[in-house]
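Please treat every number below as a calculation from the coordinates, not as lab data. Values in this document were obtained by computation on a predicted structure and should not be read as measured data. Cβ sites come from the backbone with ideal geometry, for glycine too, and all protein chains shown count toward neighbours.
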Amino acid sequence: MMKISEHVLCAFCRLERRVYTKKSVGWTNVLKAALAAVLLMFIIWQRIEPRAVIFFAIFLAMAEVFIRLRWRMSLPCPHCAFDPLLYKVDREETVRRVITKLNQVRADGRHLFKTQNPLEHLPFVHKNSNDGLRGQGPAAKPSAKTENRILSRQV
Ligand SMILES: [Zn+2]
């Protein structure tokens, strides 16, 4: 059976988290929807009834909506709230959410006792009068391999 989720590294805070890779219904879902429709047909009418196709369509639509929502909701990082999909369309909103989340984490203080601390791997950013904002520190320049792994697995 195909894996529906996998562990990836967050592109922003570099912590590991789980994302769902399955975005849409597969053949197993179609089969399950058909079986459920047939079962419901025999429970309601006790014979073969063409109206059962409606149940099949409803079950399939529900499965599609559920799988879509599950995939979309697993994308934002639970540690730093970085959302790779939102980042593609609205960078400012992504930054606002990450700042809000990290401020919450700082104010909370519980991150100090956790093994997964989102503040631990953040790049140091300082203002340089010559060339504006520049990333520094160990996390500022990930290897090409790491970067590929992070980016390709998230969207
Ligand atoms: Zn993160």
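Per-residue answers, yes or no, for (1) of a type in the set (Lys, Arg); (2) under 19 Å from Leu15 (Cα atoms):
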residue: Ile48; (1), (2): no, no
residue: Ile58; (1), (2): no, no
residue: His79; (1), (2): no, yes
residue: Asp83; (1), (2): no, yes
residue: Lys114; (1), (2): yes, yes
residue: Glu120; (1), (2): no, yes
residue: Pro123; (1), (2): no, yes
Can you pull out the residues in the stretch 8-23 that are within 22 Å of Phe124 (Cβ to Cβ) and either more than 10 Å from the ligand (Cβ to nearest atom) or aromatic (Phe, Trp, Tyr) (or both)?
-> Phe12
So Arg106 clears everything in (1) in contact (Cβ under 8 Å) with a residue 12 or more places away in the chain; (2) part of a loop (DSSP other than H, G, I, E, B); (3) surrounded by fewer than 13 Cβ atoms within 10 Å (Cβ to Cβ) except one condition, right? Which one?
-> (2)
